[in-house]
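J.: Encoded as structure tokens, here's the structure I'll be asking about.
Every number in this text was worked out from the coordinates using simple rules, so none of it is lab data. Here the structure is a predicted model, which means the values were calculated and not measured. Ideal geometry is used to build each Cβ from the backbone, glycine not excepted, and the neighbour counts take in all protein chains shown.
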Amino acid sequence: MDPLVSVRVPTPDTSHVGLHKTFPDVYEAAEDSFLFLDALAEDLPFLLRRRPSLVLEMGSGSGCVISFLRTLFLRAFDASSRDALSAKPAKEEATVADANNGGTTTDAHTAHIASRPSPSSSSPSSPSSSPSSSSSSSPLFIPCFFAVDCNLSATEATLETARRSEKSESRDCRAATRLRGRSDHRDEAPESVSATSPDRAESCRCAVDAVASDLFRAFRPSERRKLPSSSSSHSPSSREAGNASRHEGLFDVVLFNPPYVPGSPRERPRNPADWAWWGGEDGREVIDQFLRQVTANLTAAGVLYLVLEKRNRIDQVVAHMEAEGFAAKQVKRRKIHGGEDLSVWRFTRF
């Protein structure tokens, strides 16, 4: 794995969620949540290459997943900043070496840095300019994170988890800065610390925004693009125009660990805590409602991560998404205590 994204992130603190705690009617992070965390950690290089601007978790519950993913991006951002700072003096040394040797010799590390494609140097038709194949070593930024849950208490729990995660990350960041300051007494060390901190501070103003909503109802549908007149020389084909309108959503990444446990379709639980697991017939009631809405809320390069259980008739879900123009990939699978056969799926547009 690229060392830039070889980051380890602790599980967010959700000790305030659960029975006899501050948020007793909110779903506690469990084996399905931890499977989701592992899948996102493994798929981080892919996500970094997509460079998302808006990330949404549907059904956030405790906020464990969205807080974890945000911390992954924060640490990748830090690694990218340190990589850029360390490359600067090496590049300067290589320039001096070139001048002294007639420009025929370069430092190996500098050659490696120079070989990484940059957005400004990539032509629109080159593979490196596409979101799915651009270098993860290119400049990174931290996207905005949203969380949605139909349980108001869950949105409050999510905000508390995000606050705790941000506080923990800030402590780790300060400790790492002090450690680097003690271990490096070179003149440029203070410059490195000050160069990283303001960027990080600017990107960390808001951890996670949370909204109480039944699926995507809180988000107004995007207006469809107005098609150019037929006389325009740049008028797209009817197929391109249709795709442009259909793909106009808000979110670059959507995460969902849905209520997937099969239950009686006539008896929806009254306790909000049970809404997090009750899925109706075949565990598909909420999943099917979500699938009917999610494609219109994803951007043209949007990505969906969905947790499914074997009894959810996964082949039907995959077939539905493929018919909507998405490619399916199983990121991770695990059998957990109780016999559930869970898997995390990634759906990307063709």
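J.: Using 1/(1 + (r/R0)^6) with R0 = 35 angstrom and r between the beta carbons of Leu152 and Lys310, what's the FRET efficiency to the nearest 0.05?
T.: 0.65
J.: Testing the spin-label approximation: label points 7 Å from Cα along Cα→Cβ at Ser53 and Gln289. State their distance in nm.
T.: 3.0
J.: Could you list Leu37, Leu48, Leu306 in order of exposure, starting from the residue whose Cβ has the fewest other Cβ atoms within 10 Å?
T.: Leu37, Leu48, Leu306
J.: Right, here's the next one. Work out, step by step, the length gained on full extension between Asp274 and Val211: first 0.36 nm times the residue separation, then minus their alpha carbon distance; give nm to one decimal.
T.: Residue separation times 0.36 nm, minus the Cα-Cα distance, leaves 20.8 nm.
J.: If you don't mind, there's one more thing I want to ask. Given a Förster distance of 25 angstrom, what is the FRET efficiency for Ala301 paired with Arg8, based on the Cβ-Cβ distance and rounded to 0.05? Working shown, then result.
T.: Details: r = 28 Å, r/R0 = 1.12.
Efficiency computed from Cβ-Cβ geometry: 0.35.
J.: Once you place label points 7 Å from the Cα toward the Cβ at Gln330 and Ala218, how far apart are they in nm?
T.: 3.3
J.: Taking the Cβ-Cβ separation of Ser264 and Lys167 as r and a Förster radius of 30 Å, what is the calculated FRET efficiency to the nearest 0.05?
T.: Result of the calculation: an efficiency of 0.10.
J.: Follow-up question, since we're still on this one. Calculate, in nm to one decimal, what Lys21 and Phe34 gain on full extension: separation in residues at 0.36 nm each, minus their alpha carbon distance. All intermediate terms of the calculation are to be shown ahead of the outcome.
T.: On the way: separation 13, 0.36 × 13 = 4.68 nm, distance 2.07 nm.
Length gained, Lys21 through Phe34: 2.6 nm.
J.: Counting other beta carbons within 10 Å of each Cβ, put Tyr260, Tyr27, Tyr305 in order, fewest first.
T.: The order, fewest Cβ neighbours first, is Tyr305, Tyr260, Tyr27.
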